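Before any comments, here is the structure.
The values are calculated or read from the model by the stated rules, or taken from the named source; none is laboratory data. Small disclaimer: the values here were computed from a predicted structure and weren't measured. Note: ideal-geometry Cβ built from the backbone for every residue, glycine included; neighbour counts use all protein chains shown. With ligands, DNA and RNA removed, areas are computed over all heavy atoms of the protein, side chains included. Shrake-Rupley method; radii C 1.70, N 1.55, O 1.52, S 1.80 Å.
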Amino acid sequence: MNINSVDICFGLGWGDEGKGKISAYLSKKNKYDFVCRWAGGNNAGHTIYVNDNKYVTNLIPSGIFYGIKSIIGPDCVVNIDHFLSEIKYLQSNGFNINLVKISPKAHIISDKHIKEDIKKYKNKLGTTAKGIAPCYRDKYGRTGKRVIDYYEELKAFIWDEKLYGNILCEGAQGFWLDINYGNYPYITSSNTLPYSACSLGFPTHFINNIYGAIKIYDTRVGNDPDFPESLLKDEDLLKLGELGQEYGSTTGRKRIVNWLNIDKLIKAINISGTNFLIISKIDIIKKLDVYKFYYNDKLMKFRNYNEFELNINHILKKNCELLKHIYLSDNPHNIHLSSK
Ligand code: IMP
Ligand code: MG
């Protein structure tokens, strides 16, 4: 069977943009044969609600929740203990773990990688301390160990076959954490943009829709000079963080909040080729009832929500040629995209 069509869902910010909710919606709505992760490891955290129950996974793609084959691709990095504990967690919750497959080419995160991350990177860069940077360093230094080298432990999950049919690729982290596009070295060590989903093994011309996720305000977990400590003195931003429960789903760390940077968002949409934009947490900013964003490097303030939304729509449509749909989400559990 050949490949029919590929959709990609990814983050336009610094992670934590509500990708899990979008993947879940797409997995329910479309007849995908595969849901695939193309990069990163258990530094990510995807929160999914199934029948009002909350599930969090770090590595295994969300297809598992909807009975779809879930692939961990060759450019991912795998912590075996963590992977097996996630399998146990899914199994004990009644999900079919036989759907989970890993590429034999994915690299293994060792205890040594984790120790090095804790010692050298955790404090300096605010990493998730999961061994990501040292693992990718060894991969590119060509001294890494791969899933295929740990055959016995992962035998039941290894899968080296061709993708076919309809595919959803699920991004991890976000555009501004990408190794090429982010604020180096305050980034992660993998490629987070849609182009890199092709590492899963499909030709670029099968890509159909690119769903970009962002929140109505920016958040950052981990060190980054673009999110200075002075932001913690802004009462409104602090309140937004509390109302939006902005704590990392993987590390529990408090996220620094800033007003949405539309200049950055425009760049991320245009470089990635996003045609569906999903802006989340509209309910949260409405609770605060303060409406600001950065545009042309200036902080702009609006009198009410309608004015704010009108301006966002207008600016994005004017500046983003490929963008076809903007969806504003005011619900943490689900979305409903209508394609015209
Ligand atoms: P690492 O990926 O653990 O090396 O962390 C590098 C940077 O990316 C740090 O600033 C982390 O906080 C950030 N980061 C990594 N994964 C995620 C994520 O899934 N969501 C948000 N930030 C992340
Ligand atoms: Mg996440």
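Here the average projected area of the convex hull drawn through the C-alpha atoms of the chain stands at 16.7 nm². Placing a label point 7 Å from the Cα of ASP33 along the Cα-to-Cβ direction, the residues of segment 163-206 whose backbone N falls under 11 Å of that point are 163-167.
Rounded to the nearest whole angstrom, the semi-axes of the ellipsoid equivalent to segment 58-135, taken from the Cα gyration tensor as √(5λ), stand at 27, 13, 10, largest first.
For the pair TYR184 and VAL56 in one chain, pulling the backbone fully straight at 0.36 nm per residue adds 43.2 nm over the alpha carbon distance. Rounded, prolate or oblate: which one fits segment 140-204, using the alpha carbon gyration tensor with axes a ≥ b ≥ c (rounded when a/c is under 1.5, else prolate when a/b beats b/c, else oblate)? Oblate. For segment 198-239, the direction-averaged projected area of the alpha-carbon convex hull comes to 5.2 nm². Taking every DSSP helix (H) stretch of at least 4 residues in the chain, weighting each as -39,500 (n - 2.57) and dividing the sum by the residue count yields a mean residue ellipticity at 222 nm of -7500 deg cm²/dmol.
Placing unit charges on the Cβ atoms only, positive for Lys and Arg and negative for Asp and Glu, gives the chain a dipole magnitude near 160 debye about its Cα centre. In whole Hz and in residue order, list the ³J(HN,Hα) couplings for segment 13-20 that follow from phi through the Karplus curve 6.51 cos²θ - 1.76 cosθ + 1.60, θ = phi - 60°; x for Gly and Pro. Couplings: x, 10, x, 6, 9, x, 5, x Hz. In this label model, ILE148 and VAL290 are separated by 5.5 nm, measuring between points 7 Å along each Cα→Cβ vector. Taking the Cβ-Cβ separation of MET1 and GLN245 as r and a Förster radius of 51 Å, what is the calculated FRET efficiency to the nearest 0.05? After rounding to 0.05, the efficiency reads 0.75.
Eigenvalues of the alpha-carbon gyration tensor of segment 178-247, scaled by 5 and square-rooted, set the equivalent ellipsoid semi-axes at 32, 16, 8 angstrom, largest first.
Once the GluC sites (Glu not before Pro) in DSSP loops with at most 13 neighbouring Cβ atoms within 10 Å are cut out of the chain, the longest remaining piece is 1-160.
Taking amide H positions as modeled 1.01 Å from N, with prolines and chain starts lacking one, the residues under 5 Å from VAL78 and 5 or more places away or on another chain are HIS107, ILE108, ILE109.
Evaluated at q = 0.12, 0.19, 0.22 Å⁻¹, a Debye calculation over the C-alpha positions of segment 265-340 (equal weights, vacuum) places log10 I(q)/I(0) at -0.36, -0.91, -1.17. In the context of the full set of protein chains, the chain has a per residue accessible area of 46 Å² (1.4 Å probe). The calculated FRET efficiency for LYS324 paired with MET300, based on their beta-carbon distance and R0 = 30 Å, is about 0.75.
Expressed as a whole percent, the accessible surface of the chain that belongs to carbon and sulfur atoms is 48, based on a 1.4 Å probe. Straight-distance candidates among the lysines for linking to LYS119, with alpha-carbon spacing under 26 Å and chain neighbours fewer than 8 residues away dropped: LYS130, LYS139, LYS145, LYS254.
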